[in-house]
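Encoded as structure tokens, the structure appears first; notes follow it.
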Number of protein chains: 2
Amino acid sequence: MTIKFQHLINSIDIALDENDEQALQKLLVNTSAAEIARLMESLTQKDRLTLWHYVPTRLRAKVLLELHQDLRRSLIAHTDEAELTASLSAVQMDELADIDSDLPITVISAMVQAMDAQRRERYDLVKHYPDDSAGGLMDVDITAVRADVSLKAALRYMRRLRQREGALPDHLDSLMVVDRNNVLLGVVPLSQIISNDLSISVRDVMSTEVTSFTPLNSAHNVAQAFKDKDLLSAPVVDDQHKLIGRITVDDVIDVIQDEADKEVFSRAGLNSHPDMFAPILKSSGRRAIWLGINLMTAFLAAWVIGLFETSIEKIVALAVLMPVVASMGGVAGSQTLTLVTRGLALNQINNKNMAKLIGHEFSIGALNGMLWAAVVGIIAFQWFGDWQLGMVFGAAMIIVLVTGVLAGTTIPPLLKKMGIDPALAGGVVLTTVTDVVGFFAFLSLATLIIL
Amino acid sequence: MTIKFQHLINSIDIALDENDEQALQKLLVNTSAAEIARLMESLTQKDRLTLWHYVPTRLRAKVLLELHQDLRRSLIAHTDEAELTASLSAVQMDELADIDSDLPITVISAMVQAMDAQRRERYDLVKHYPDDSAGGLMDVDITAVRADVSLKAALRYMRRLRQREGALPDHLDSLMVVDRNNVLLGVVPLSQIISNDLSISVRDVMSTEVTSFTPLNSAHNVAQAFKDKDLLSAPVVDDQHKLIGRITVDDVIDVIQDEADKEVFSRAGLNSHPDMFAPILKSSGRRAIWLGINLMTAFLAAWVIGLFETSIEKIVALAVLMPVVASMGGVAGSQTLTLVTRGLALNQINNKNMAKLIGHEFSIGALNGMLWAAVVGIIAFQWFGDWQLGMVFGAAMIIVLVTGVLAGTTIPPLLKKMGIDPALAGGVVLTTVTDVVGFFAFLSLATLIIL
């Protein structure tokens, strides 16, 4: 619960200030790995290292998994390798594969050494797929049964499995059903097993309409399918439809959250998992890049204004009003941009409705253009007592609002075609267009009509 | 799978153009409600009504649940009430409660009539809580067992339940354990039932460390807890710790997705579930409000510029460069704003680290300020051959970048304290500040130093 979390953060802060060892230990013992990770991220570099010292070994690996890479690496550097190895033994194959690039070689090799042949093979399998693919998400510890056995036998098998492994895989909501060649036949939900006569066979209760993935399906598509079909878990099969892994909903939730974060942060030119308390030089450097890109576009707009210096010298009111034109274009455009970018992500946009969308947005832009043209025209006239200026201002407003919505509609698909993420670059490209068009339209109209 | 979905959209488009009834029916029969909803949203108003005609009755209610309100209402208006009632009988209590405000009174009353006393009571219970609360999310068809029964007895109970109800509740991953007064004692995962000796009692395998919610816990906090603890389902209890409902992960995924959408869309002043093909007047109206708000802030900036008309008349270069200052401040600020807004949503920010955060951001702003001050100063000097102008430009850049990061750090918590959603209003307030400060700093410095 967040309320509890807020309370936790404050207590931790106090304990850190007083560096009260016992309090810190007590506070962390009943806290989940994800919460500790969120806690770590709210602390300064110095406090992070202090707190890390008190994180129970069994949780450390899980916490590292939840953290963003920079912080993870810095903490790994401050952790005893033996402890690290011990704590890592608790994490799943797919999770280990996600962070192993951050782990010391010695630790990795120690882990791999400890694996039996089968686990090592599975580990290599997961490692071999990108993190943002079904193969990268899948857990390779799968519980599968044969179709011809009875539910009673299935239960017996599960009992033995639990005794052997000590525990069953996390989030076990169903058993995979395979034939003797490990080819996926279907899935039987545990609720089916416990609510049917135990004498009937797995085949009679398994569902054969299974949503399955291949290792190279994108994590985005996997998440979409989980949402569309309300899945708790889904099998991953190879090209011969042999069962190789299982994706669970908790991994999918992380994908959904990461995509959402990425969208919000990339709009501001931040990396997808920014750190509030990253070293100042590092943060400054990352943000400087985005500021630099923006500076270029801003100077492009400035250059356009420069073309009309003489006009501005004659009518200073132009300098006063021109930012209004540009900013309205930017706002109108970003509304459309946001809408279309989302539509693209959901694959809702194709050539056919794109044409309709452009028409639709054009009408909206034109309507709002005329509305606000009237408003600003009157304001400008009242302000500067120049009806020509008012008309030019209004005309420029219509032009920039229409340009804004059209740019907002067309830029995202174009960027996507060029292989650039619209959520990342869309905003900059859009404001460049609206600024340049806005300033040019207003100033050139003024030069032509008033002067 | 999204690839399939892209294909589906195109086939539907073709079928709609040729209005090929058979094709439409065939295409929809194996499509999930969520996919049909996404499909509907990608169509124009006219096509939506045509397609709706072919959506199987059994799916209609589920599709309505997935759609945004405007579209839902318009489709309900075009649906035969008897059909609607029939299809609604398939949805869960909590889902029904979510959309009943959009349904015709006659349909609602027909549904309520059909409920037995117990279900009606449960329905009133869910209706009584807001949609974005644990009470609004919970499903009230709960399967609970007593602690003292054996696993074998639990299985028998489940069998009878399934025979009576026809099916078990969706996403049944565990059974709630209650005492004779329906007070929650614990939860027993189905995986425990199927992997233990059936002769032992539920008490021996149930876990008593259960994350439970009260009906008025916010959906946001529920989602956070599901993420932190990797839950598949969780009980909802009243103030006497009596079991009243159950929240499943599929509902939580919707909450996470909705929050993400809301964040992205509200930054652009769109409602949290905008419609690409909403009626033009409606869309225009909604967007006009945001444009109007922005216009006021833009005129505020314009007014500031107006204070320096005489300076601009003398040095037109000021008019050329001033938008650069403002835009850089806006970008630097929005980076910090995004970071802090997220930190607030995750409850990572309290008074203690706020102070540190301000210091941290100040250093970043100052560093980038000095960097870009040097760059733009040189550019301005090269461009206009006026070293004083270059220095003023650089100084203004430092001021506006520092102002930007400080505003970005302090605005979100202030808005939150005022009960305003930082994700909605933060951007506008920030750019107002950075524009005003940017223009004022640059123009006033120029007036003082150069003139």
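Below is a table of values for the structure above.
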{"item": "Cβ charges +1 (Lys, Arg) and -1 (Asp, Glu), total dipole of region B:144-266, debye", "result": "900"}
{"item": "Convex hull of Cα atoms in region A:12-58, direction-averaged projection (nm²)", "result": "2.9"}
{"item": "Helix A:117-127 vs. chain A, principal-axis angle (Cα, 0 to 90°, nearest 10)", "result": "10"}
{"item": "Accessible surface of A:Thr410 - all protein chains present, 1.4 Å probe, nearest 10 Å²", "result": "50"}
{"item": "Degrees separating the helix B:351-384 axis from the principal Cα axis of chain B, which is the longest one", "result": "40"}
{"item": "Average Cα contact separation per residue, chain A, under 8 Å, 6 or more apart, as relative contact order %", "result": "11"}
{"item": "Rounded if a/c under 1.5, otherwise prolate or oblate - region A:50-91, Cα gyration tensor axes", "result": "rounded"}
{"item": "Other copies of B:Ala167: label-to-label distances in nm, shortest first, labels 7 Å along the beta-carbon direction", "result": "3.2"}
{"item": "Dipole magnitude of region A:280-449, debye to nearest 20 (Cβ charges: Lys/Arg +1, Asp/Glu -1, about Cα centre)", "result": "720"}
{"item": "Whole-angstrom gap from region B:281-327 to region A:125-196, using each part's C-alpha centre", "result": "62"}
{"item": "Alpha-carbon radius of gyration plus Dmax, which is the widest Cα pair, for region A:280-449 in Å", "result": "17.5, 52"}
{"item": "Accessible area in the full protein assembly, largest first, 1.4 Å probe, for B:Asp20, B:Asp94, A:Asp116", "result": "A:Asp116, B:Asp20, B:Asp94"}
{"item": "Positive minus negative residues near B:Asp70 (Lys, Arg vs Asp, Glu; Cβ under 9 Å)", "result": "+2"}
{"item": "Shape parameters for region A:112-164, alpha-carbon atoms, Rg then Dmax in Å", "result": "14.7, 39"}
{"item": "Alpha carbon Rg of the protein assembly as shown, scaled by the compact-globule rule 2.2 N^0.38 Å", "result": "1.03"}
{"item": "Rh by Kirkwood over Cα pairs, then Stokes-Einstein D for region B:144-266 at 1.306 mPa s and 10 °C, µm²/s", "result": "102"}
{"item": "Positive-pole candidate from B:Ala319, B:Leu389, B:Asn30, dipole of the protein assembly as shown, charges at beta carbon", "result": "B:Asn30"}
{"item": "Diffusion coefficient, µm² s⁻¹, Stokes-Einstein with Kirkwood Rh over alpha-carbon pairs of region B:308-386 at 20 °C and 1.002 mPa s", "result": "142"}
{"item": "Net charge of neighbours whose Cβ lies under 13 Å from the Cβ of A:Phe265, counting Lys and Arg as +1 and Asp and Glu as -1", "result": "-1"}
{"item": "Kirkwood estimate for region B:17-164, i.e. one over the average of 1/r between Cα atoms, Å", "result": "17.4"}
{"item": "Value of relative contact order over region B:3-128, rounded to a whole percent, pairs C-alpha under 8 Å and six or more apart", "result": "20"}
{"item": "Estimated dipole of region B:1-92 in Debye, rounded to 20 [Cβ of Lys and Arg +1, of Asp and Glu -1, Cα centre]", "result": "340"}
{"item": "Calculated label separations, B:Thr214, copies of the chain, 7 Å along the beta-carbon direction, nm", "result": "5.3"}
{"item": "Charge dipole of region A:280-449 about the Cα centre (unit charges at C-beta), most positive-ward option of A:Ser444, A:Gly329, A:Leu406", "result": "A:Leu406"}
{"item": "Residue-averaged 222 nm ellipticity for chain B, from DSSP H runs of 4+ at -39500 (n - 2.57), nearest 500", "result": "-22000 deg cm²/dmol"}
{"item": "For region B:144-266: relative contact order, % (alpha-carbon pairs under 8 angstrom, 6 or more apart)", "result": "23"}
{"item": "Within-13-Å neighbourhood charge of A:Ser283 [Cβ basis; K, R +1; D, E -1]", "result": "0"}
{"item": "Label geometry 7 Å along the beta-carbon vector: B:Lys4 inter-copy distances in nm", "result": "3.9"}
{"item": "Cα-based radius of gyration of chain A once divided by 2.2 N^0.38 Å, which approximates compact folds", "result": "1.31"}
{"item": "A:Met158, B:Met206, ranked by accessible area, largest first (probe 1.4 Å)", "result": "B:Met206, A:Met158"}
{"item": "Positive dipole terminus of chain B, leading residue within B:Val63, B:Asn217, B:Thr106 (C-beta point charges)", "result": "B:Asn217"}
{"item": "Reachable lysines, given that their alpha-carbon falls under 18 Å from the alpha-carbon of B:Lys152 and they are not under 8 places away in the same chain", "result": "A:Lys152"}
{"item": "Accessible area of B:Lys352 in the full protein assembly, 1.4 Å probe (Å², nearest 10)", "result": "50"}
{"item": "FRET E, pair A:Thr57, B:Val112, Förster distance 56 Å, beta-carbon r, rounded to 0.05", "result": "0.50"}
{"item": "Solvent exposure ordering (accessible area, 1.4 Å, most first) of A:Glu41, B:Glu121, A:Glu81", "result": "B:Glu121, A:Glu81, A:Glu41"}
{"item": "Area accessible to solvent at B:Ile12, 1.4 Å probe radius, in Å²", "result": "0"}
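The values are calculated or read from the model by the stated rules, or taken from the named source; none is laboratory data. What you see is a predicted model, and the numbers here were worked out from it, not measured in a lab. FYI the Cβ positions are ideal-geometry reconstructions off the backbone, even for glycines, and counts take in every protein chain you see. Areas reflect the complete protein model, heavy atoms only, side chains present, ligands, DNA and RNA absent. Shrake-Rupley method; radii C 1.70, N 1.55, O 1.52, S 1.80 Å.
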